[in-house]
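Written out below as C-alpha cells is the structure these notes cover.
The values are calculated or read from the model by the stated rules, or taken from the named source; none is laboratory data. Computed from a prediction, not measured in an experiment: that's the story for all the values here. Note that each Cβ is placed from the backbone with ideal geometry, even for glycine, and that neighbours are counted across all protein chains shown.
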Ligand code: GLU
C-alpha cells in the first residue's frame, strides 16, 4: 500500500464554531474518515489544535484570554474536553485512540525523542490512533507563537511528528484550499499551486506572515512544515478541512489542494 503511515493535522477553525464550541459535525466526519483509513490498514496519527478555543468557551470566557496563565488554563480544560469527544467518536467507529502531548524538549533531546518514537511505533503497530497536541499547559512556546520557538505551532509540530515517525504523507487540513499565488479573496484570479517540488525564494515569499490572509496558522508555518517534511522524504498536502473526505482522494493520488513533493526516501540516503 502506498502511503501507509499518515499524519493528519487539523486546525482550530475546522474543529470549532466561531463561538469556540466544538463543531461536532466536522469532528465526526474527520473521525469517521480516519477510522476508515485505519480499517484499510493504514497507520494514522492525528495532530489536533483547538484546546485553547474549546477551553475558553467551556470556562465561559467571552474571548480568548490575554494572559499566558489563563491561556494555559484554557488549554488544560479544552484538551480534556476535546479528547473526551474524540474518544467518544473513535469508540463509536470501533477504534482505540491515545493522547500524546508534546513539548519542544521531548523532540529536541535525543533520548526522549527515541522513547517517543518507540511509543508511536508501539501504538501504530497495534492499530491505535495517536491524537497529538502540544502540551500547552506546560509549554509556553507554542501559545506565544514566534517567541522561544521550539515547536512553535501545530503545523510545525505535525511535520516534526511526521519526521520522527518516518511517515509517508503529512496532510494539513486548513481553512484554505492550498497555496495560492496571492490572497484569493482579494485577487479572484489568484492561482492555486497544485504541486510544489522545491521551496524557492519566490514560493517562500508568497507565504506572508502568521495571521495573514492565509488562514489561522498562516501560510508561513505551513511552508516551514513543508520544509521539514520534504527534507525527511515525506510528501505534504495542504487541503481544505471543510471536506475531510478529500483524504480518500488525496491518497488515491488525485490533485487536491497543494502537494509538496519530497524526494524519495531512498534518494535521501
Ligand atoms: N495547541 C493549540 C491549541 O490546541 C493550537 C496551536 C495551533 O493552532 O497551531 O489550542
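Miscellaneous remarks
- All of 257, 215 fail the test of being modelled with pLDDT under 95 and in contact with a strand residue (DSSP E or B) (Cβ under 6 Å, 6 or more places away or on another chain), apart from 215.
- Residue in region 1-24 that is nearest to the ligand (Cβ to nearest atom), counting only those that are assigned to a strand (DSSP E or B) and modelled with pLDDT under 95: 16
- Residue satisfying all of: in region 134-148; surrounded by 13 or more Cβ atoms within 10 Å (Cβ to Cβ), under 18 Å from residue 221 (Cα atoms) and in contact with a helix residue (DSSP H, G or I) (Cβ under 6 Å, 6 or more places away or on another chain); modelled with the highest pLDDT among these: 134
- Among residues of region 49-106, those that are within 15 Å of the ligand (Cβ to nearest atom), within 21 Å of residue 126 (Cα to Cα) and not in a helix (DSSP H, G or I), counted: 3
- For residue 30: the one exception among (1) in contact with a helix residue (DSSP H, G or I) (Cβ under 6 Å, 6 or more places away or on another chain); (2) crowded, with 24+ Cβ neighbours inside 10 Å: (1)
- Checked against the criterion of being crowded, with 17+ Cβ neighbours inside 10 Å and under 15 Å from the mean Cα position of the chain (by Cα), the candidates 116, 6 yield just one match: 6.
- Among residues of region 33-48, those that are more than 15 Å from the ligand (Cβ to nearest atom) and closer than 23 Å to residue 116 by Cβ, counted: 7
- For region 222-236, the tally of residues that are over 14 Å from the mean Cα position of the chain (by Cα) and within 11 Å of residue 161 (Cβ to Cβ) stands at 2.
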